Each structure stands twice: as C-alpha cells, then as structure tokens.
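One structure below.
The values are calculated or read from the model by the stated rules, or taken from the named source; none is laboratory data. What you see is a predicted model, and the numbers here were worked out from it, not measured in a lab. No Cβ is skipped: glycine too gets one built from the backbone with ideal geometry, and neighbour counts run over all protein chains shown. Accessible surface areas use protein heavy atoms only, side chains included; no ligands, DNA or RNA. Shrake-Rupley method; radii C 1.70, N 1.55, O 1.52, S 1.80 Å.
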Amino acid sequence: MLKPDGLIVFSKRACPACTLIEPVMQQMAGMLPSFQVVSQDDPKFPSRVAGVVDDRELDHSWLNNIEFTPTLIRFEGGREAERIVGWDRDAWRKLTGIGDLGEGLRAFQPG
C-alpha cells in the first residue's frame, strides 16, 4: 500500500540511473519518515531501505503513469502534487529539502 502523503521513488535495479542513486534513496529513507520506494523488478532494491513496495506486477506503476525510472513523486492527500523524472540533483534537493542529497554524484542522469 502506498502512503497518501510523502515522497515516493519508483525505481528498478535494472535502471542505471536508479543504481546510481541507490545511496540517495538510502539517505532519504533515513531522513524522511513519509518516504517510500516502489521497486519494479526487485523488492530487495535498494538495499538497506525498509519497506520497499514490490511492484513486479507494475500495478502501482501503471496507476501512477510511470514511464521511466527513477521517478520521484510528492503526494498530498493521496494526490500527486509534484513529479521529477530521472535524476536531477538540484530538483531532488529542492523537492526533498535535503541540501546535501546526492553529494558526490553526477548532477544529472536521465531515466
């Protein structure tokens, strides 16, 4: 079940941008109580993130019109409020409010 409020990252292990930002997802999980990861191909990815939602059937991805991973979505009251497709460090920092998010990673990686 997806949380109605907070940030959700749709990801998959087979996605190069997703594997690049695995430490970002781990950092977000440690800092944001309303954070979730939905994994399209491996419910153990990313490692060290508890409660990854298994979406191998792609039900959640289909309902949320996910075409590329990673996709970061902010939900408010069960509705999408903002979306970022791909890894864009500045945009993710702004949306999450985490000023050092992705420090040391390349600034941009398309999904």
Options Phe45, Phe75: the member that is assigned to a loop (DSSP other than H, G, I, E, B) and open to solvent by less than 50 Å² (accessible area, probe 1.4 Å) = Phe45
Can you name every residue in region 53-72 that is in contact with a Pro (Cβ under 8 Å, 6 or more places away or on another chain) and not in a strand (DSSP E or B)?
-> Arg56, Phe68
Conditions (1) open to solvent by 40 Å² or more (accessible area, probe 1.4 Å); (2) assigned to a helix (DSSP H, G or I); (3) of a type in the set (A, V, I, L, M): number failed by Ala50 = (2)
Condition set of a type in the set (Lys, Arg) and in contact with a strand residue (DSSP E or B) (Cβ under 9 Å, 6 or more places away or on another chain), scope region 78-93, selection most open to solvent (accessible area, probe 1.4 Å): answer is Arg83
